[in-house]
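Working notes for the structure below.
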Amino acid sequence: MRKVVWKLFVDYEKEEKWLNDMAAKGLAFEDYSFARYVFSDCKPGEYIYRIELLENSFRNPESQQYLSFMSETGAEPVANWFRWIYFRKKAAEGVFELYSDIESKIAHFNRIMWLFFIIMCMEIVIGLSNINIGLQFRDGIHDGAPANFVIGVVCVCIGIVLFFPFNRTRLQVKKLRQDKLLME
Amino acid sequence: MPESIERGALTEAVFYILLSLHEPMHGYAIMQNIERLTGGRVALGPGTLYGAINALVQKRWIEALSAEKDSRKKEYVITELGRSVFDGELGRLKELIRNGERTRLEMKGTKKS
């Protein structure tokens, strides 16, 4: 049976955990479009899900080559959203972690960290300039541009929300770099 | 030969990939082989393996076998250069073990006396 759940995540690690919890309950994640998750029935705990941020865009031949390699190893690409890709593997086939050494984990976290950082900066710059536009033209005759002001505030808020996953990823990278001094 | 001067320790993943590729294998077989050899201790992540294979091909320590074109699974095998790197690493590891065990023996000896 198909089941649709609407849910918005900023933190992909919470999202991954949620997908795995759903699979444990017998709901296998099948498809994604913005904030919309489609599930179908499965045996409880049949699949393990992992989310990855690709190095290149989804349609890039490099990415396609990577995806077909992953399929060979039993990691099935289930859905994607821009560069975010959702993999699943049958739990019966054993452990499923995309990356097993510190160096490749750092590389993955770095990609994610920069993505959050760039979007965060864009939101704040766009937000502040809209607030600025919104506050101009208040000369007694015109009452400014309230729409710009509201959009600006929303953008700045999104930017602030994105700071948290950015900072958490930054700390993860920092911790891994320390570990790397001692082991691989 | 600038390549042969490299002295760095190989990562565990690279060591076991080179070891596995003494006979031709595709990606998934490498993962399974390593898991079997280490009794499940080393479960190579497919993302890590993919990155390592690409880097090894670039360094020419391994090469892709293009014989089976219709097969989607690409097989890889170690090159001569890869073998010499692997042998160098084996020598380095033997030295580690020799030194480690000698120190252990010496410590035991001093405790008894």
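Laboratory data are not the source of any read-out in this text; all were calculated from the coordinates shown. A quick note: this is a predicted structure, and the numbers were derived from the prediction, not measured. No Cβ is skipped: glycine too gets one built from the backbone with ideal geometry, and neighbour counts run over all protein chains shown.
None of B:Gly47, B:Gly39 is free of Cβ contacts under 8 Å to residues at least 60 places away in the same chain, surrounded by 14 or more Cβ atoms within 10 Å (Cβ to Cβ) and within 27 Å of A:Tyr99 (Cα to Cα) except B:Gly47. Just a yes or no: is a residue in region A:91-98 surrounded by 15 or more Cβ atoms within 10 Å (Cβ to Cβ) and over 25 Å from B:Tyr76 (Cα atoms)? Within region A:91-98, one or more residues are surrounded by 15 or more Cβ atoms within 10 Å (Cβ to Cβ) and over 25 Å from B:Tyr76 (Cα atoms). Could you tell me whether any residue of region A:108-131 is part of a helix (DSSP H, G or I), over 21 Å from A:Val10 (Cα atoms) and not polar (S, T, N, Q)? Yes, some residue in region A:108-131 is part of a helix (DSSP H, G or I), over 21 Å from A:Val10 (Cα atoms) and not polar (S, T, N, Q). For region A:113-120, does any single residue satisfy the condition of being within 14 Å of another protein chain (Cβ to nearest Cβ) and either over 20 Å from A:Lys17 (Cβ atoms) or touching a Cys at 6+ places or on another chain (Cβ under 7 Å) (or both)? The answer is no, given that none of the residues of region A:113-120 is within 14 Å of another protein chain (Cβ to nearest Cβ) and either over 20 Å from A:Lys17 (Cβ atoms) or touching a Cys at 6+ places or on another chain (Cβ under 7 Å) (or both). Please specify each residue of region B:19-42 satisfying the condition of being farther than 21 Å from B:Glu89 by Cα and within 9 Å of another protein chain (Cβ to nearest Cβ). Across region B:19-42, the qualifying residues are B:His26, B:Gly27, B:Tyr28, B:Gly40. A count restricted to region A:45-100 and to residues that are within 12 Å of chain B (Cβ to nearest Cβ) and in a loop (DSSP other than H, G, I, E, B) stands at 12.
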